[in-house]
Amino acid sequence: MVTDTEIPRAEPEQPRLVLRAIAVIGIALSLFQLWAAGVQPLGLFYQRPIHLGFILVLCFLIYPVFGRSRPRGALGWAIDGTLIACGILVGAWLPVNIDTIANQIFPRDIDVWVGVLTVLVVLEAARRAVGLGMTIIGAFFIAYAFAGSRGELPFLADWMPGIMNHRGYSLDRVASQMTLGAEGIFGIPLGVAATFIFVFVLFGAFLEVTGAGKFFIDLAYAATGRQRGGPAKAAVIASAGMGSISGSAIANVVTTGAFTIPLMKRLGYRPAQAGGIEAAASTGGQIMPPLMGAGAFLMSEFTRVPYVDIVLVSIFPAFLYFGAVYLLVHIAAVKQGMQGMTADELPSVRSVLAEGWHFLLPLVALVALLVAGYSPMRVGFYAIVSIVAAASAKALWVYFANGPTASGFVALCPRGIELTLEALELGARNAVAVSMACAVAGIIVGVVGLTGLGLKFSAMMIAFSGGNLVLALLLVLIASLILGMGLPVTAAYIVLIILVGPALTEEFGIPLLIAHLVVFWYSQDSNVTPPVALAGFAGAAIAGSKPMETSFQAWKYAKGLYLIPLFMVFNEVIILGGPLPLVLWNGAIAIVALVGFAAALEGFLWRAMPLWQRALIVPGVIAVFWPSIAVEAAGAALIVALLALNWWGSRSGSGAVAPARAE
């Protein structure tokens, strides 16, 4: 799983000894995590510090102090060597001294100074692995904890508005909050990263090295390639499949986009359009069950809702999102008169399944174990075991089918070991950024809990929105976009839910799970919303188009990201359940509303849509979101009538279609 903090790039050459050290430490971390997940679970004050220690050492080895494009030199090694030693100290301090720390009333001076060191090392590691924005935000929250009449930085209190002021805290109190309990760095975010997230990142790494990504892409092409705009539709389906593995928008763009974007351009899509479609489809990987990036695990921990329940309620919203992107792609293809690819250019579904059917077994095992009630960490462990078993069975099948030989068997075993070690190392590497983001998020959680900032922020949000729920949700959307400029999606979700969650649930009455889903969906918008659209930029790089133009195309195709959370809020039975007829009704009108919105946005469905029809669809869509069955029915009827009129007009042959433009 590639992190969502930056567009992946080729790593510079590192000394062979460093690469071996990274491999050994990464493999050791993955084996430790597998042991804790499937053999011997550990207490939180053992699991989390040891995990953080491993991650810190890996981070300082992978990311040199002066940047990845410059050699370290003697000074660089002096700095990084010291920080690596500090990382080992941070990982070992709590497990070694847990009995003493647990039985003392006041922290020892040495505990306070190790706490200060831990905070500094975490902030520096986050700067390297996640970006300067994350470090600045973490440092800001630390400074906020010290501000106040009794804090270490009382002069800062004069600069804070009255509602933001607080008493201020001492160095001992802040250091204790950050590192000697479960409220700071070693709190819920890092706990989730050290258990559920890491195991599923490792799961994705095993799928990646065994070739599952290519299987899902080939399967998508085989299923949709002959249709109009086939490569674009394949991008949507392949991104959904890849999202079930990686849960990362950037990873989806660079993997599926490398195949789909050139073919979309060849078929007639403009370069910016092709890159934008891929970015919008790939962003859906973050909300696609069962993995949903790291969000589902964090959401389960925050809400105390079982992980499998979050996965189940997220299926229909994810279907709506990908359905909306798919429909927009289809309309664009019909408008431009595109045709599908020929059968000779595509693999058959049967041949693809015959070659890679074993990649479906781990996903089936994962879902079955979740439904059976196993914990997510144990499910991840068994899912990894199932990958190894399926890949081994496939390799043995090929070996015996081709005629077993002694030399073939001798070559088979080392290759299997090599792939296993590669997956163990890759999983650890891929976990560095998300674990560092979660560690800094723990700093934010600790400061919010210490100072009561969450309640103050909620009061400000209510004041700015005037008690209007739509305005409050708009403020959440704007805040998520601003946070997304400097934070990865997971970190943006954690910060947002801590700050605005209490207001959404307590003041506006939104159910807890829906509030978390809304914030989680909105935290994705920085992937596709200008001026900072990371997935859009990645798509532009592959398409050879202008980044901002591509980002606007991604924003256009990802409109479901903004509408579907609103539907969750105003039609909550979709998520929380209720009488079956009401659930079916809400599901049906949601589909009608998104089809109508897509048609109005493109000005086309079966034929070109006059401006007056497009204008009338908008109030129909708004009515569907209204929490009244009569208003919903009127809105849905209006949309259906306008779409039927469009279809009837196409029967007369008056809806001319423009020919595809060659690129």
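Per residue, the chain reaches -24000 deg cm²/dmol at 222 nm when only DSSP H runs of four or more residues are counted, each adding -39500 (n - 2.57). Rolled with a 1.4 Å probe across the full set of protein chains, the surface gives Y562 an accessible area near 30 Å². Sorting 272-283, 346-357 by average packing, meaning the other beta carbons within 10 Å per residue, from highest down gives 272-283, 346-357.
For the pair L153 and V305, a Förster radius of 60 Å applied to the C-beta separation gives a FRET efficiency near 0.95, rounded to the nearest 0.05.
A simple charge model with +1 on the Cβ of Lys and Arg, -1 on the Cβ of Asp and Glu and nothing else charged puts the dipole of the chain at about 1300 debye relative to its Cα centre. Rounded to the nearest 0.05, the FRET efficiency derived from the C-beta distance between Y562 and A588 at R0 = 25 Å is 0.75. Checking the a/c ratio against 1.5 first, then a/b against b/c, what shape does the Cα gyration tensor give for the stretch 481-624? The shape class here is oblate.
Note on L132: accessible area approximately 100 square angstrom, rounded to 10, probe 1.4 Å, nucleic acids and ligands left out.
Once the Kirkwood radius over Cα pairs is known for the stretch 39-107, the Stokes-Einstein relation at 4 °C and 1.567 mPa s delivers a diffusion coefficient of 95 µm²/s. When you restrict to C-alpha pairs under 8 Å that are six or more residues apart and normalise by the size of the stretch 159-238, the relative contact order lands at 14 percent.
Quick one: of K456/K546; K335/K559; K265/K559, which pairs are farther than 31 Å apart, Cα to Cα?
Where the Cα-Cα span goes over 31 Å, the pairs concerned are K456/K546.
Shape analysis of the chain places it in the oblate category; the axes a ≥ b ≥ c from the Cα gyration tensor give an a/c of at least 1.5, with a/b not above b/c. Name the residue from M460, L123, P262 whose Cα lies farthest towards the positive end of the charge dipole of the chain, charges +1 on Cβ of Lys and Arg and -1 on Cβ of Asp and Glu. It is P262, whose Cα lies furthest towards the positive end.
With the simple spin-label model, which puts each label point 7 Å out from Cα in the Cβ direction, the V371 to L353 separation comes to 1.8 nm.
Measuring r between the beta carbons of V388 and L17 and using R0 = 35 Å, the FRET efficiency lands at 0.75. A644 sits among other residues whose Cβ lies under 14 Å from its own Cβ, and their net charge, with Lys and Arg +1 and Asp and Glu -1, is +2. Protein heavy-atom surface of the chain, 1.4 angstrom probe: 69% of the accessible area is carbon and sulfur, with nucleic acids and ligands not counted. How charged is the neighbourhood of Y326? Take every other residue with its Cβ under 14 Å from the Cβ of Y326, and add Lys/Arg as +1 and Asp/Glu as -1. Neighbour charge sum, excluding Y326 itself: +1.
Label zone (R415, point 7 Å along Cα-to-C-beta; backbone nitrogen cut-off 19 Å) within the stretch 349-381: 354-359.
Label positions at I136 and T342, each projected 7 Å from the Cα along the C-beta direction, are separated by 5.5 nm. In the full protein context, the chain carries 40 Å² of accessible surface per residue, based on a 1.4 Å probe and ignoring ligands, DNA and RNA.
The values are calculated or read from the model by the stated rules, or taken from the named source; none is laboratory data. Note that the coordinates shown come from a computational prediction; the quantities given were computed from them, not determined experimentally. Positions of Cβ are generated from backbone atoms using ideal geometry, with glycine treated the same way; all protein chains shown enter the neighbour counts. Side chains are part of the model used for accessible areas, which takes the heavy atoms of the whole protein and leaves out ligands, DNA and RNA. Shrake-Rupley method; radii C 1.70, N 1.55, O 1.52, S 1.80 Å.
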